[in-house]
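Let me begin by presenting the structure, written as structure tokens, before commenting on it.
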Amino acid sequence: MRCTAFAYRGAILGVLAVVVVAFLLWAVNSAHHTPPEVWQKAQLRSLEAGIELFNNECNRYPPSEVNDPTGKPYCGAMKLAEALMGQDLRGFHSNSVFRCDGFDSTGTVDLYPDRTERLNPALRSDNLRARRGPYLPAESARAWCLADIYGKGRTGPFPEDAFVLCDTYEQKRPGGARTGMPILYYRATTHGVMHEAGDPNSIYDAQDNQMLIALGVPGKPGRPHPLLDPKRFYLNTQDTRVSSKPQPYRGDSFILISAGRDGLYGTADDICNFTWQYRE
């Protein structure tokens with residue numbers, strides 16, 4: 001009887017082992033076949049959560065204007081990366097005014113000095129105590145320098161070492177790395193009431209990322225993004241449920257846009273944190 005009991009237990013353990021292995025194989029297979037759009041939407045939800053954490057701590061959403069306070073090009077996608085990760089990926093400095101060079105409002109204090117020199121431990125400790133975040137895990141932030149994406153000498157008016165947060169559609173880029181395309185970020189203005197190209201009273205400004213979009217498709221010189229036309233931005237971000245006058249989705253917060261599988265901004269497969277209404 002003792003032998004029979006052992007045999008019975010062994011049979012049960014064997015069945016359980018088969019079930020566990022089958023479950024693991026199913027899980028791996030399911031993850032492998034999960035549509036890329038699902039991963040991308042999950043990333044956008046993660047970014048949304050990070051932006052809301054930033055808002056809770058700083059009492060504002062990150063800005064997205066095309067330039068920094070000194071007039072240097074520093075677009076919405078780059079400001080998003082600084083807000084969530086910091087210019088050195090060690091957190092956002094509480095004294096930052098979103099200058100491209102990383103200095104404070106006076107232009108005398110470098111808030112992210114580890115980018116250019118090696119700080120002694122005491123100075124680094126003081127600097128890090130003034131940080132907030134990072135609001136995303138470093139391993140899943142998908143932060144890449146522009147030169148990694150577009151290649152050295154091909155980043156237009158932007159510094160080659162400026163960080164952006166990329167989507168999940170990774171490809172081998174001219175810079176040598178496998179990256180996605182930068183996530184575009186647009187902040188709604190509090191004074192806006194319209195949603196039309198060229199209207200200074202528009203809630204969103206299509207120009208916030210135009211210089212980045214104008215860099216084109218990495219590795220495909222001369223191929224423009226359809227979103228380079230501001231009319232495309234306003235047409236496809238318009239909330240069609242509103243019939244009185246043109247209004248955008250998420251008119252009180254922010255918009256995130258991934259170029260989607262084709263790597264082109266402004267096409268039908270773009271993935272956003274709202275319902276992308278692609279219309280010709």
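Throughout, read-outs are computed from the coordinates displayed, never taken from laboratory work. The shown structure was predicted, so the numbers you read here are calculated from the model rather than taken from an experiment. As a convention, Cβ positions derive from the backbone with ideal geometry for all residues, glycine included, and neighbour counts pool all protein chains shown.
The value obtained for segment 166-280, namely the Cα convex hull volume divided by the number of residues, is 99 Å³ per residue. In summary, the lysines within cross-link reach of K41, defined as a Cα separation below 27 angstrom excluding same-chain residues under 8 places away, comprise K79, K172, K220, K231.
By the beta-carbon count within 10 Å of each Cβ, the least crowded to most crowded order of H191, H225, fewest first, is H191, H225. Shape descriptor for segment 93-245: Rg over Rh equals 1.02 (Cα atoms; Rh from the Kirkwood inverse mean 1/r).
The slack between D161 and D239, meaning 0.36 nm per residue of separation minus the straight C-alpha distance, is 24.5 nm.
Would you compute, from DSSP H runs of 4+ residues alone, the mean residue ellipticity of the chain at 222 nm, taking -39500 (n - 2.57) per run and dividing by the full residue count, rounded to the nearest 500? Can you show the working numbers first?
Working: 7 runs with 89 residues, N = 280.
The per-residue figure over the chain is -10000 deg cm²/dmol.
Angle of helix 76-85 to the longest C-alpha principal axis of the chain, folded into 0 to 90 degrees and rounded to 10: 50°.
Structural descriptor for the chain: relative contact order 15 percent, calculated from alpha carbon pairs under 8 angstrom and at least 6 residues apart. Estimated from the Cβ-Cβ distance and a Förster radius of 30 angstrom, the FRET efficiency linking D229 and V109 is about 0.15. When the alpha carbon gyration tensor of segment 174-242 is reduced to an equivalent ellipsoid, the three semi-axes, largest first, read 27, 12, 11 Å. Across the chain, Cα-Cα pairs more than 32 Å apart make up 32 percent of the total. Could you state, as a whole-number percent, how many of the C-alpha pairs of segment 31-107 are farther apart than 16 Å? I get 55 percent for the Cα pairs in segment 31-107 exceeding 16 Å.
I'm a student and want to see the number: the projected area of the Cα convex hull of segment 67-150, averaged over all directions, in nm². It would help to have the intermediate numbers written out before the result.
Numbers: hull surface 23.4 nm².
About 5.8 nm², averaged over all directions.
Computed from Cα positions, the angle between helix 36-58 and the longest principal axis of the chain comes to roughly 60 degrees.
A DSSP coil position with no more than 13 other Cβ atoms inside 10 Å describes the following trypsin sites (Lys or Arg not before Pro) in segment 188-280: R241, R279.
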